[in-house]
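Novice: Before anything else, here's the structure in question.
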Amino acid sequence: MSRHGYTLVTGATKGIGRALVDRLVSKGEQVVGISRSPDASFPGVLVTADLSDCVQRREALAQTVAKYPIARLVNNVGFNQMQALGEITPEMYQKVMDTNLAALVDVTQSVVPLMRERRYGRIVNIASRSLLGRKGGSVYSAAKAAMVGFTRSWALELARDGVTVNCVAPGPITTEMFERNNPPGSESRRLLTDAVPMGRMGKPEEVADLIEYVLSDGAAFITGQTIFVCGGSSISQQHF
Ligand SMILES: NC(=O)c1ccc[n+]([C@@H]2O[C@H](COP(=O)([O-])OP(=O)(O)OC[C@H]3O[C@@H](n4cnc5c(N)ncnc54)[C@H](OP(=O)(O)O)[C@@H]3O)[C@@H](O)[C@H]2O)c1
């Protein structure tokens, strides 16, 4: 078990978040997750709140940090809706910004005081390969690119406090949502897969592998970095 305390994972019950939680719990770590819906199979403490909603978010965070000493944070919750330039609605814009960025700022600010006081902390922000540009997904791309700015700036602000801040940027990963939106045999799945130099999608566990390392004591000298887990799609000329 970690000598440090709890790991808080936002968006914890499915996909990348769940793969990470399962991994950490299997190693004896204590985890607090946040999601909108309850999940009886969740292996740690689960707090339910819609993190895109300012009031719910702040209430849930106040209760969480009062109860659980958070030593490590994974800002994993995110939202994307494809809307091409000319079709971007204010509602979608706001939801993408609230879920990806307002939550990032509020969750991080709620856990940082204890990390500073204890002179130990790990913060990992989950961005996306899309931060390099996403045709038809500019709002999501911009939000994920902004995460890099937060990551680098916070890394500098916390560098003398024993707290590292890094960004993990996945390429296309086969989560339940991806499987639902791009079923085997679909044209969208073929296009996405073809655009990855390795010719395959990533698995949530492959992203969890990197997050687990960045959260570890061994990664103490790594801060302010953005690391892609993308089968080479961040260095490819092909766009998707
Ligand atoms: N999958 C990919 O291909 C991919 C690629 C690049 C980057 N990413 C990024 O990786 C992160 C995780 O994505 P994923 O694909 O693993 O997600 P996912 O499989 O759709 O799971 C999302 C998780 O977040 C929770 N959640 C969603 N909206 C929430 C909200 N407003 N408030 C609280 N919890 C919420 C969900 O539970 P509830 O539904 O119960 O709330 C669920 O536990 C995101 O930041 C995403 O942008 C994903």
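Novice: Just name one of Ala49, Ile211, Gly33: the one whose Cα is farthest towards the positive end of the charge dipole of the range 6-231 (beta-carbon charges, Lys/Arg +1, Asp/Glu -1).
Specialist: Of Ala49, Ile211, Gly33, it is Ile211.
Novice: Which value results for Rg/Rh of the range 29-122 when Rg is the Cα radius of gyration and Rh the Kirkwood radius based on the inverse mean 1/r? Spell out each step's value before the answer.
Specialist: Working: Rg = 14.9 Å, Rh = 14.5 Å.
Ratio of gyration radius to Kirkwood radius: 1.03.
Novice: Also: Under 23 Å between alpha carbons, and skipping anything fewer than 8 positions from Lys27 in its own chain: which lysines qualify?
Specialist: Hits, sequence-local ones excluded: Lys14, Lys67, Lys203.
Novice: Among Leu20, Leu132, Leu104, whose mean-square fluctuation peaks in a Gaussian network model of the chain (Cα, cutoff 10 Å)?
Specialist: Looking only at Leu20, Leu132, Leu104, the biggest GNM fluctuation is shown by Leu132.
Novice: Here's a follow-up. I'd like the FRET efficiency for Ala66 and Met198, computed as 1/(1 + (r/R0)^6) with the beta carbon distance as r and R0 of 41 Å, rounded to 0.05. Walk me through the numbers before you get to the answer.
Specialist: Values: r = 44 Å, r/R0 = 1.08.
With R0 = 41 Å, the Cβ-Cβ based efficiency is 0.40.
Novice: Something else: Counting pairs of alpha carbon atoms under 8 Å apart in space and at least six apart in sequence, what relative contact order in percent does the chain give?
Specialist: On the way: 448 pairs, mean separation 46.3, N = 240.
Relative contact order for the chain comes out at 19 percent.
Novice: How far, in nm, would the chain grow between Glu157 and Ala40 when pulled straight, counting 0.36 nm per residue and subtracting the alpha carbon separation?
Specialist: Numbers: separation 117, 0.36 × 117 = 42.12 nm, distance 3.84 nm.
Contour length minus the Cα-Cα distance gives 38.3 nm.
Novice: Dividing the convex hull volume of the Cα atoms of the range 96-230 by its residue count, what figure in Å³ per residue is obtained?
Specialist: 111
Novice: I've got another one for you. Hey, rough spin-label estimate for Ala146 and Ser216, points 7 angstrom out along Cα→Cβ, what's it come to in nanometres?
Specialist: Taking the simple label geometry, Ala146 and Ser216 are separated by 3.4 nm.
Novice: Quick one: order Arg180, Arg152 by neighbouring beta-carbon count within 10 Å, fewest to most. Each step should come with its number before you reach the end.
Specialist: Numbers: Arg180 8, Arg152 17.
Least to most surrounded, the residues fall as Arg180, Arg152.
Novice: Could you estimate the translational diffusion coefficient of the range 6-231 from the Stokes-Einstein equation, with Rh from the Kirkwood formula over C-alpha pairs, at 20 °C and 1.002 mPa s, in whole µm²/s? Display every interim value, and only then the final one.
Specialist: Values: Rh = 17.8 Å.
Translational diffusion coefficient: 121 µm²/s.
Values quoted throughout were computed directly from the atomic coordinates according to the rules given, and no laboratory measurement underlies them. Fair warning: this is a prediction, and the values are worked out from it, not measured in the lab. Don't worry about glycine lacking a Cβ; one is built from the backbone with ideal geometry, like all the others, and counts go over all protein chains shown.
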